[in-house]
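Chemist: Before I ask anything, let me first share the structure, which is written out below as structure tokens.
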Amino acid sequence: DQQVKQNSPSLSVQEGRISILNCDYTNSMFDYFLWYKKYPAEGPTFLISISSIKDKNEDGRFTVFLNKSAKHLSLHIVPSQPGDSAVYFCAASASNSGYALNFGKGTSLLVTP
Amino acid sequence: NAGVMQNPRHLVRRRGQEARLRCSPMKGHSHVYWYRQLPEEGLKFMVYLQKENIIDESGMPKERFSAEFPKEGPSILRIQQVVRGDSAAYFCASSPTGTDYEQYFGPGTRLTVT
């Protein structure tokens, strides 16, 4: 059973515009959420995270929003750059389950010049 | 500043052979996680280890798979009698302590079973 869902397999955005990647989860025990970026033939790279006690976390061009009541989070990238083209994975963890990460299937972002 | 190291990067095994995947965590990290990514899927948790201890192996298949993280040396994920369905990318991640949500991933080992 997929507890973390990324329903958009791909997204194409023009350079300079905003990219919005979405993620839904089903397990109400999740209390920490992360976004990872992955290039082909490489491991995932940590991008940004948010605790369930917050609803927003910002780091430079990247902002993550958390809506606990809707069990939904999103990653905003603004402005988008061609180097942002990669697969983005949403992950969630529950502190009572040993901190194992539960990943979505990923969204492939393409930023066009 | 070496990150998480995994070797080999690519491994080809015939059905029935054994596969050994190695992971050296980042310096100062004593917690290791193994994940598997099947084609077109997200990463799936397999096992969480500390030095000389398996903390959580709830994601490990019951048979043929084992993992260890000895006092000295890398963590090893061992797959005995491999089958075609074991073909996947296997990623190792490490964290400084067991209370760190943020895990740092290695480049992965791509296992192909022929």
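The values are calculated or read from the model by the stated rules, or taken from the named source; none is laboratory data. The shown structure was predicted, so the numbers you read here are calculated from the model rather than taken from an experiment. In this analysis, Cβ positions are derived from the backbone assuming ideal geometry, glycine residues included, and neighbour counts consider all displayed protein chains. In case anyone asks, the SASA skips ligands and DNA or RNA and just uses the protein heavy atoms, side chains included. Shrake-Rupley method; radii C 1.70, N 1.55, O 1.52, S 1.80 Å.
Chemist: Could you pull out the residue among B:Ser30, B:Ser66, B:Ser75 that is over 16 Å from A:Pro44 (Cβ atoms), modelled with pLDDT under 95, more than 13 Å from chain A (Cβ to nearest Cβ) and open to solvent by less than 80 Å² (accessible area, probe 1.4 Å)?
Modeler: Every option except B:Ser30 fails the conditions.
Chemist: Within the set of pairs 6 or more residues apart or between chains, which connect a residue that is closer than 18 Å to A:Ser19 by Cα and more than 10 Å from every other protein chain (Cβ to nearest Cβ) inside region A:80-99 to a residue that is among the aromatic types (Phe, Trp, Tyr) and surrounded by fewer than 18 Cβ atoms within 10 Å (Cβ to Cβ) with Cβ atoms less than 6 Å apart?
Modeler: A:Ala86/A:Tyr39
Chemist: Follow-up. May I ask you to list the residues in region B:86-100 that are at pLDDT 95 or above and either over 15 Å from the mean Cα position of the chain (by Cα) or more than 14 Å from chain A (Cβ to nearest Cβ) (or both)?
Modeler: B:Asp86, B:Ser87
Chemist: Enumerate the strands (runs of 3 or more DSSP E) found wholly within region B:1-68, keeping only those where 1 or more residues are closer than 26 Å to B:Thr97 by Cα.
Modeler: B:5-7, B:19-24, B:31-37, B:43-50, B:53-56, B:65-68
Chemist: Still on this model: Within region B:61-114, track down each residue that is free of Cβ contacts under 8 Å to residues at least 40 places away in the same chain, among the aliphatic types (A, V, I, L, M) and more than 12 Å from B:Tyr33 (Cα to Cα).
Modeler: Within region B:61-114, none qualify.
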